[in-house]
1. Run Glu34 past the list (1) in a loop (DSSP other than H, G, I, E, B); (2) over 29 Å from Ser169 (Cα atoms); (3) in contact with a helix residue (DSSP H, G or I) (Cβ under 9 Å, 6 or more places away or on another chain); (4) touching a residue at least 24 places away in the same chain (Cβ under 8 Å) and report the number of the one that doesn't hold.
2. Is segment 97-109 home to any residue that is of a type in the set (D, E, K, R), at pLDDT 80 or above and farther than 30 Å from Pro170 by Cβ?
3. So which of Glu142, Glu164 is under 21 Å from Ser75 (Cβ atoms), at pLDDT below 95 and open to solvent by 40 Å² or more (accessible area, probe 1.4 Å)?
4. If you go through segment 78-88, how many residues are at pLDDT below 90 and buried (at least 16 other Cβ atoms within 10 Å of the Cβ)?
5. Could you list, in sequence order, all residues of segment 18-43 that are modelled with pLDDT under 95 and β-branched (Val, Ile, Thr)?
6. For segment 42-55, which positions are surrounded by 23 or more Cβ atoms within 10 Å (Cβ to Cβ) and more than 11 Å from the chain's Cα centre (by Cα)?
7. Being open to solvent by less than 20 Å² (accessible area, probe 1.4 Å) and modelled with pLDDT of 90 or more: is that true of Ile218 here?
8. Under 7 Å between Cβ atoms, at least 6 apart or on separate chains: pull out the pairs that start in segment 142-168 with a residue that is of a type in the set (Gly, Ala, Ser) and end on any residue that is open to solvent by 70 Å² or more (accessible area, probe 1.4 Å).
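The values are calculated or read from the model by the stated rules, or taken from the named source; none is laboratory data. Computed from a predicted model, the values in this text were never measured in an experiment. For neighbour counting, all protein chains shown are included, and Cβ atoms are generated from backbone atoms with ideal geometry for every residue, glycine included. The protein model used for the area step is the full one, side chains on, heavy atoms only, and it has no ligands, DNA or RNA in it. Shrake-Rupley method; radii C 1.70, N 1.55, O 1.52, S 1.80 Å.
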Amino acid sequence: MTGKKAKLLIADDEPGIRQLLKDYFELQGYLVTEAKDGIEVLSKLSGEPDLILLDVAMPLMDGFEVCERIRAHVSCPILFLTAKIEEADRIRGFMTGGDDYILKPFSIDELGARVEAHLRRENRRRTDTAVKIFDRLVIRYEEKSVYYDDTPIAFTKTEFRIVEQLSLSPGQIFSKDQLYEKVRGYDGNADSGIIMEHIRRIRSKIGRHTQRTYIETIWGVGYKWIG
């Protein structure tokens, strides 16, 4: 186990399986949140889980569709729980952003070992990306801080989340809606156009130190970070 209590989101439409997994992982020291269908998964993302166990065959929205919808906004490992493992399903799962498959019926101890292995790998990845340097702009993700040379740039929490999302994937284009969902969650009800104002403020604050452009506007599409 890692030092902190990792947060798991367990999504399965079978109450018995949810209870089994909840009891097991809580005994292992994890913090567990449950979801009974794909729609409920989206509503529970604000809890920022460290790993998601996602049943493929769920009502309202299957696991593949859920994974596809959230992967642009959620970087944590996603492990599919499935009763079948056809090659086409494996390909679809990995293409939508899944990290692993657990075949039902499964060994609870093997599942526990896989969860811990993925969390260790994720912790190593986070350590590797704890700091990024773009010319003279330094982003410290663990501290949630940004510096130009040794001078701190005071971003709000929302502004930093936007900088974080863009800078962790340089060159990738994010729409205003994607950025809004990242910083406000799926239950937000404000106009995603507010992202334009946040971007303007971010550019203004960086612009006090350098004329270099870090956030490029892709007209009609969204924004991307220039590394």
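1. Exception for Glu34: condition (1).
2. Yes, segment 97-109 contains at least one residue that is of a type in the set (D, E, K, R), at pLDDT 80 or above and farther than 30 Å from Pro170 by Cβ.
3. Glu142
4. 1
5. Ile39, Val41
6. Of everything in segment 42-55, those that are surrounded by 23 or more Cβ atoms within 10 Å (Cβ to Cβ) and more than 11 Å from the chain's Cα centre (by Cα) turn out to be Leu53, Leu54, Asp55.
7. Judged against the criteria, Ile218 is not a match.
8. These pairs meet every condition: Ser145/Pro152.
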